[in-house]
Amino acid sequence: MPDLGKYAETVLSAYAVSIVLLVVLVALSLRRSRKVKDQLEAVEKKVRKHG
């Protein structure tokens, strides 16, 4: 790891915040994906039932 000197805390906290935000975005995307998939399956079932 490079010597960051007096900026080490700032740089490392920026990395930490970025990683946390990326994890949150991935989690929200996966959650949304599951929800949309469930909704699509429900619509497809309804169409097959009445089709």
Semi-axes of the chain from the Cα gyration tensor (sqrt of 5 times each eigenvalue, largest first, whole Å) come to 48, 6, 4
Starting from 0.36 nm per residue, how many nanometres of slack lie between ARG31 and HIS50 once their C-alpha separation is accounted for? 3.9 nm
Can you give the net charge of the other residues whose Cβ lies under 13 Å from the Cβ of GLU44, counting K and R as +1 and D and E as -1? +3
With θ set to phi - 60° and the Karplus curve 6.51 cos²θ - 1.76 cosθ + 1.60, what are the ³J(HN,Hα) couplings of the stretch 40-48 in order, to the nearest whole Hz, using x for Gly and Pro? 4, 4, 5, 5, 5, 4, 5, 5, 5
Note to self, the chain gives a 222 nm [θ] from helices alone (DSSP H runs n ≥ 4, -39500 (n - 2.57) apiece, / all residues, nearest 500) of -31500 deg cm²/dmol
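Taken together, the values in this text are just the output of simple stated rules run on the coordinates, not laboratory data. Just so it is clear, the structure is predicted and the values come from calculations on it, not from any experiment. Every residue, glycine among them, receives a Cβ derived from its backbone with ideal geometry; neighbour counts consider all protein chains shown.
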